[in-house]
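Structure first, then comments.
The values are calculated or read from the model by the stated rules, or taken from the named source; none is laboratory data. Because the structure is predicted, anything quoted here is derived from the model rather than measured. Here the Cβ is made from the backbone with ideal geometry for all residues, glycine too, and neighbour counts use every protein chain on show. Ligands, DNA and RNA are stripped out before the accessible areas are found, and what is left, the full protein with its side chains, is counted by its heavy atoms. Shrake-Rupley method; radii C 1.70, N 1.55, O 1.52, S 1.80 Å.
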Amino acid sequence: MSLTFHWFLPTNGDSRHVVGGGHGTPATAFGRNRPPTVAYLSQIARAAEDLGFVGVLTPTGAWCEDAWLTTAMVSQHTERLKFLVAFRPGFVSPTLAAQMASTFQRQTGGRLLLNVVTGGESHEQRAYGDFLDKDARYRRTGEFLQIVRDLWEGKTVDLSGEHLQVEDARLARVPDPVPEVYFGGSSPIAGEIAARHVDVYLTWGEPPAQVAEKIAWVRGLAAKEGRTVRFGIRLHVITRDTAEQAWTDAHKLLDGFDPDTVKSVQAGLARSESEGQRRMLALHGGNREDLEIHPNLWAGIGLVRGGAGTALVGSHDEVAERIKEYHALGIDEFVLSGYPHLEEAYWFGEGVLPRLAAQGLWQHPFAPTSTPAAQVPFTS
């Protein structure tokens, strides 16, 4: 089985520094260095498509551009690339969401993937008119996915749940293919929802031992439901011709963030209700020292950015080895990003993917009988 790689569309802006934002923190000023225009995001998307990434993740939240609208526009500038659209179930009705997904599939030739984000910050949810607490939001997500999946199967749906109610709901045209559902969450109720409803469970980039525990946990819950799920991981990457170059560039990413800024971001993230965010913070404790928490796994991103806060840092060979280490645990899909996203896509696509292809672990999804287009590592 070939590994699957996805890239990231920075709809909160891009930079040669980390662009913060998410989980209760605003986007940092560095996001204005490269504004998230359709032209720039399309440039990243076309590069990802050419290099062999299957899809691109687009985030959701008040700190970035809307994922549905942005990906709909960018899709018109690509041909085969899929869009892993993050959305929050509480903001639109399940019937409308099912219809939107069906339309997206028809208008793009089946290039939609859905990343369900329940929402870990009550104050941000309230800004959108959602006043449920965290556990209630997860229960609503379960009802939402039940309705949406039934509609996608062509069923007429009547459901009177704890949070959602639909009557005689049906779609005039079902999506073909049905979009796969991606989902992440570290709390007990998140595991229950994943086991019942999702195709791919995503974890942020924790050390391998912690990732192995999560995989065993969700796999066991899914087995009780008579289901199997695939597993993916969300990481940043900084890969170069040599390890020294990679670590030098990693440390440069944090240049411009003074201690007061780091302290302010950490204070904001500490208020998060997300169990996953709590686990990210625990990896570095707000300290700039000892940020390599596992060989080639660096927690520096999480000092100034909410959500995924770790990066694989090293030579192309070292990064490839870490990917193999996670794959051995059961990870088949990798959702990656790097600053700036255009250049870093080439570093990874030209440096790491050919090494994985040579070992029979990856093949270009759009040219399965050929070698990757780029064989020479990107240099500057």
Checklist line | Considering residues of the stretch 41-69 that are at pLDDT 95 or above and over 21 Å from residue 5 (Cβ atoms) only, the residue surrounded by the most Cβ atoms within 10 Å (Cβ to Cβ) | finding: 65
Next item on the list: Please give the number of the condition residue 1 fails out of (1) over 24 Å from residue 303 (Cβ atoms); (2) open to solvent by 50 Å² or more (accessible area, probe 1.4 Å); (3) at pLDDT 95 or above.
Entry: (3)
Check: What number of residues within the stretch 305-322 satisfy the criterion of being closer than 18 Å to residue 247 by Cβ, in contact with a strand residue (DSSP E or B) (Cβ under 9 Å, 6 or more places away or on another chain) and either part of a helix (DSSP H, G or I) or open to solvent by 10 Å² or more (accessible area, probe 1.4 Å) (or both)?
Finding: 7
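Using the structure shown, decide if residue 216 is open to solvent by 20 Å² or more (accessible area, probe 1.4 Å) and within 27 Å of residue 191 (Cα to Cα).
Numbers: open to solvent by 20 Å² or more (accessible area, probe 1.4 Å): yes; within 27 Å of residue 191 (Cα to Cα): yes.
Answer is yes for this residue.
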Margin query: For a quick check of your reading of the model, give me the residue pairs whose first member lies in the stretch 298-309 and is more than 20 Å from residue 186 (Cα to Cα), whose second is crowded, with 24+ Cβ neighbours inside 10 Å and of a type in the set (Gly, Ala, Ser), with beta-carbon atoms closer than 6 Å and at least 6 apart or on different chains.
Written below: 298/311; 304/20
Next item on the list: Please identify the pairs in which a residue from the stretch 197-223 that is farther than 23 Å from residue 179 by Cβ has its Cβ atom under 8 Å from the Cβ atom of a residue that is basic (Lys, Arg), counting only partners at least 6 apart or on another chain.
Entry: 205/234; 206/214; 206/279; 210/279
Next item on the list: State yes or no: is residue 288 at pLDDT 85 or above and either surrounded by fewer than 22 Cβ atoms within 10 Å (Cβ to Cβ) or assigned to a loop (DSSP other than H, G, I, E, B) (or both)?
Entry: no
Next item on the list: Would you mind listing the helices (runs of 4 or more DSSP H) fully within the stretch 192-285 where at least 2 residues are at pLDDT 95 or above and either among the polar types (S, T, N, Q) or touching a strand residue (DSSP E or B) at 6+ places or on another chain (Cβ under 7 Å) (or both)?
Entry: 208-224, 243-253
Margin query: Which residue is farthest from residue 83 (Cα to Cα), if the candidates are limited to the stretch 112-132 and must be within 20 Å of the chain's Cα centre (by Cα) and part of a loop (DSSP other than H, G, I, E, B)?
Written below: 121
Notebook entry, point to check: For residue 18, all conditions in the list (1) over 21 Å from residue 249 (Cα atoms); (2) in contact (Cβ under 8 Å) with a residue 40 or more places away in the chain hold save one; what is the number of the exception?
Noted result: (1)
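Would it be correct to say that residue 42 is among the small types (Gly, Ala, Ser) and over 25 Å from residue 127 (Cβ atoms)?
Values: among the small types (Gly, Ala, Ser): yes; over 25 Å from residue 127 (Cβ atoms): yes.
The answer is yes for residue 42.
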Note to self: One residue is enough: does the stretch 133-152 have a residue meeting the conditions small (Gly, Ala, Ser) and assigned to a loop (DSSP other than H, G, I, E, B)?
What the structure shows: no
Check: Which residues, counting only those in the stretch 243-269, are acidic (Asp, Glu), exposed (fewer than 15 other Cβ atoms within 10 Å of the Cβ), closer than 28 Å to residue 319 by Cα and free of Cβ contacts under 8 Å to residues at least 60 places away in the same chain?
Finding: 244
Notebook entry, point to check: How about the stretch 7-22: which of its residues are in contact with a helix residue (DSSP H, G or I) (Cβ under 8 Å, 6 or more places away or on another chain) and assigned to a strand (DSSP E or B)?
Noted result: 7, 8, 14
Check: Given the residues 343, 333, which is the only one that is modelled with pLDDT of 95 or more, open to solvent by 30 Å² or more (accessible area, probe 1.4 Å), out of contact with any Lys or Arg (no Cβ under 6 Å at 6 or more places or on another chain) and of a type in the set (Asp, Glu)?
Finding: 343
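Across the stretch 103-130, what is the number of residues that are among the aliphatic types (A, V, I, L, M) and open to solvent by less than 20 Å² (accessible area, probe 1.4 Å)? Let's see the steps before the verdict.
Initial filter on the stretch 103-130 (among the aliphatic types (A, V, I, L, M)): 112-114, 116-117, 127.
Retained after the next criterion (residues that are open to solvent by less than 20 Å² (accessible area, probe 1.4 Å)): 112-114, 116.
The total comes to 4.
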Notebook entry, point to check: Just wondering, is there one or more residues in the stretch 300-311 that are touching a helix residue (DSSP H, G or I) at 6+ places or on another chain (Cβ under 9 Å), of a type outside the set (Ser, Thr, Tyr) and modelled with pLDDT of 95 or more?
Noted result: yes
Check: Consider residue 206 against the criteria (1) touching a Phe, Trp or Tyr at 6+ places or on another chain (Cβ under 8 Å); (2) buried (at least 19 other Cβ atoms within 10 Å of the Cβ): it satisfies all of them except one. Which criterion is unmet?
Finding: (1)
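Do the conditions hold for residue 29, that is, is it free of Cβ contacts under 8 Å to residues at least 12 places away in the same chain, surrounded by fewer than 23 Cβ atoms within 10 Å (Cβ to Cβ) and under 25 Å from residue 280 (Cβ atoms)? Don't jump to the end; show me each part of the working.
Working: free of Cβ contacts under 8 Å to residues at least 12 places away in the same chain: yes; surrounded by fewer than 23 Cβ atoms within 10 Å (Cβ to Cβ): yes; under 25 Å from residue 280 (Cβ atoms): yes.
Yes.
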Note to self: Please go through (1) open to solvent by 30 Å² or more (accessible area, probe 1.4 Å); (2) in contact (Cβ under 8 Å) with a residue 60 or more places away in the chain; (3) not polar (S, T, N, Q) for residue 155 and return the number of the only condition it doesn't satisfy.
What the structure shows: (2)
